[in-house]
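A.B. asks: Here it is, the structure, as structure tokens.
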Ligand SMILES: O=C(O)CCC(=O)C(=O)O
Ligand SMILES: [Fe+2]
């Protein structure tokens, strides 16, 4: 089995050097709302992760949902066509933590102390915790041809993802940082309406296989464009909580996983 130093490229990314390396990462995240570390995972490890993800693809639960950009139910004070209430489509497959092998490299990465310390430092958190339910900590997402994630703002204040396999075409991550202010309640309906109409040119983030992406999606409008072609986009979400004992809601588990446990 590979050790963490054979999985994460510590030569390129000395994540255990907090003051020297991680401080720059933190600054980059603060400045741009995202941090992309390309080839964070070694070629050897990404090949294993890809083989594992492909071997388990048949277990994925596929769901299609419509939702608002704000990920909250429609607000009756606005019309159905208002940016607050307009519906977008998200459709993808997902395998859950309990379907990921005990010995998976994903667990070694997710659990690694140095990796968590690095995340805490960059994300300005005291400690990070696993999800309390058996499904939600590590998820592998599969986007087949035509599948996508519609424009949205995240509920959580940060996200940690690892791309295993990009699509041949499409399946791109588009990101508009600082597009609303959740803290002050500025919803930027006008901007969201323009983005939904395709009138705003969003930045496409250049994410390749083995890239670790950290982003602050609560105030950044973002989406994954529809995949074109027969190569699925395979993306791992490493989900952490900032407090212990928190499970994903049963409603969300039913929607995304098709089951509660
Ligand atoms: O798949 C991705 O790259 C982004 C996922 C995302 O935005 C989300 O899960 O909220
Ligand atoms: Fe998101």
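The values are calculated or read from the model by the stated rules, or taken from the named source; none is laboratory data. No experiment lies behind these values; they were computed from the predicted model shown. All Cβ positions, even for glycine, are placed from backbone atoms using ideal geometry, and neighbour counts span all protein chains on display.
A.B. asks: Which number in (1) part of a loop (DSSP other than H, G, I, E, B); (2) away from ligand 1 (no atom under 16 Å from the Cβ); (3) closer than 28 Å to residue 137 by Cα marks the one condition that residue 251 misses?
C.D. replies: Among (1) part of a loop (DSSP other than H, G, I, E, B); (2) away from ligand 1 (no atom under 16 Å from the Cβ); (3) closer than 28 Å to residue 137 by Cα, residue 251 violates only (1).
A.B. asks: Right, another one. Considering only the stretch 124-147, state which residues are more than 12 Å from the chain's Cα centre (by Cα) and near ligand 1 (Cβ under 10 Å from one of its atoms).
C.D. replies: Listed by number, the list holds a single entry, 143.
A.B. asks: Take residue 6 and decide whether it is at pLDDT 95 or above, farther than 21 Å from residue 166 by Cβ and either in contact with a helix residue (DSSP H, G or I) (Cβ under 6 Å, 6 or more places away or on another chain) or not in a loop (DSSP other than H, G, I, E, B) (or both).
C.D. replies: Numbers: at pLDDT 95 or above: yes; farther than 21 Å from residue 166 by Cβ: yes; either in contact with a helix residue (DSSP H, G or I) (Cβ under 6 Å, 6 or more places away or on another chain) or not in a loop (DSSP other than H, G, I, E, B) (or both): yes.
So residue 6 fits the description; yes.
A.B. asks: Would you say residue 103 is under 24 Å from residue 203 (Cα atoms) and either buried (at least 17 other Cβ atoms within 10 Å of the Cβ) or away from ligand 1 (no atom under 14 Å from the Cβ) (or both)?
C.D. replies: Judged against the criteria, residue 103 is not a match.
A.B. asks: Taking the stretch 177-207 as the region of interest, how many residues are in a loop (DSSP other than H, G, I, E, B), more than 18 Å from residue 154 (Cβ to Cβ) and either within 16 Å of ligand 2 (Cβ to nearest atom) or in contact (Cβ under 8 Å) with a residue 40 or more places away in the chain (or both)?
C.D. replies: Applying the first criterion (in a loop (DSSP other than H, G, I, E, B)) to the stretch 177-207 yields 177-180, 182-185, 187-188, 197-202, 206-207.
Now narrow it down to the ones that are more than 18 Å from residue 154 (Cβ to Cβ): 197-201, 206.
Still in the running and either within 16 Å of ligand 2 (Cβ to nearest atom) or in contact (Cβ under 8 Å) with a residue 40 or more places away in the chain (or both): 206.
Total satisfying the criteria: 1.
A.B. asks: Looking at 229, 245, 217, which one is within 12 Å of ligand 1 (Cβ to nearest atom) and out of contact with any helix residue (DSSP H, G or I) (no Cβ under 8 Å at 6 or more places or on another chain)? Break it down stepwise before answering.
C.D. replies: Working: 229 fails: within 12 Å of ligand 1 (Cβ to nearest atom); 245 fails: within 12 Å of ligand 1 (Cβ to nearest atom).
Every option except 217 fails the conditions.
A.B. asks: I would also like to ask the following. Of everything in the stretch 136-152 that's surrounded by fewer than 22 Cβ atoms within 10 Å (Cβ to Cβ) and outside any strand (DSSP E or B), which residue is farthest from ligand 2 (Cβ to nearest atom)?
C.D. replies: 145
A.B. asks: Let me ask something else. Just checking, which of 219, 186 is at negative phi and within 16 Å of the chain's Cα centre (by Cα)?
C.D. replies: On the way: 186 fails: within 16 Å of the chain's Cα centre (by Cα).
None of the others qualify; the one that does is 219.
A.B. asks: Consider residue 198 carefully, then state whether it is over 18 Å from residue 30 (Cα atoms), over 20 Å from the mean Cα position of the chain (by Cα) and either away from ligand 1 (no atom under 11 Å from the Cβ) or crowded, with 17+ Cβ neighbours inside 10 Å (or both). Steps first, please.
C.D. replies: Working: over 18 Å from residue 30 (Cα atoms): yes; over 20 Å from the mean Cα position of the chain (by Cα): yes; either away from ligand 1 (no atom under 11 Å from the Cβ) or crowded, with 17+ Cβ neighbours inside 10 Å (or both): yes.
When the stated conditions are applied, residue 198 passes them.
A.B. asks: Hey, another quick one. If the requirement is being within 22 Å of residue 217 (Cβ to Cβ), in contact with a helix residue (DSSP H, G or I) (Cβ under 9 Å, 6 or more places away or on another chain) and touching a residue at least 24 places away in the same chain (Cβ under 8 Å), which of these qualifies: 69, 45?
C.D. replies: Working: 45 fails: within 22 Å of residue 217 (Cβ to Cβ).
The unique qualifying residue is 69.
A.B. asks: Residues to consider are 210, 171; find the one that is within 15 Å of ligand 2 (Cβ to nearest atom) and on the phi > 0 side of the Ramachandran plot. Give the derivation first.
C.D. replies: Working: 210 fails: within 15 Å of ligand 2 (Cβ to nearest atom).
Being within 15 Å of ligand 2 (Cβ to nearest atom) and on the phi > 0 side of the Ramachandran plot holds for just one of 210, 171, which is 171.
A.B. asks: Something else about it: Only one of (1) under 23 Å from residue 96 (Cβ atoms); (2) touching a helix residue (DSSP H, G or I) at 6+ places or on another chain (Cβ under 6 Å) is not met by residue 25, so which one is it?
C.D. replies: Single failed check for residue 25: (1).
A.B. asks: Among the residues of the stretch 87-95, is any over 18 Å from residue 64 (Cα atoms) and not in a strand (DSSP E or B)? First the steps, then the outcome.
C.D. replies: Quick first cut of the stretch 87-95, residues over 18 Å from residue 64 (Cα atoms) only: none.
The answer is no, given that none of the residues of the stretch 87-95 is over 18 Å from residue 64 (Cα atoms) and not in a strand (DSSP E or B).
A.B. asks: What is the residue count in the stretch 153-194 for residues that are more than 14 Å from ligand 1 (Cβ to nearest atom), surrounded by fewer than 21 Cβ atoms within 10 Å (Cβ to Cβ) and over 30 Å from residue 105 (Cβ atoms)? Steps first, please.
C.D. replies: Residues of the stretch 153-194 more than 14 Å from ligand 1 (Cβ to nearest atom): 168-169, 178, 180-194.
Still in the list and also surrounded by fewer than 21 Cβ atoms within 10 Å (Cβ to Cβ): 168-169, 178, 181-191, 193-194.
If we keep only those that are over 30 Å from residue 105 (Cβ atoms) too, we end up with 178, 181-191, 193-194.
Final tally of qualifying residues: 14.
A.B. asks: Being farther than 29 Å from residue 192 by Cβ and touching a strand residue (DSSP E or B) at 6+ places or on another chain (Cβ under 9 Å) is the filter; apply it to the stretch 62-100 and report the residue that is surrounded by the fewest Cβ atoms within 10 Å (Cβ to Cβ).
C.D. replies: Quick first cut of the stretch 62-100, residues farther than 29 Å from residue 192 by Cβ only: 95-100.
Now narrow it down to the ones that are touching a strand residue (DSSP E or B) at 6+ places or on another chain (Cβ under 9 Å): 95-97, 99-100.
Values: 95: 22, 96: 23, 97: 21, 99: 17, 100: 22.
Top of the filtered list is 99.
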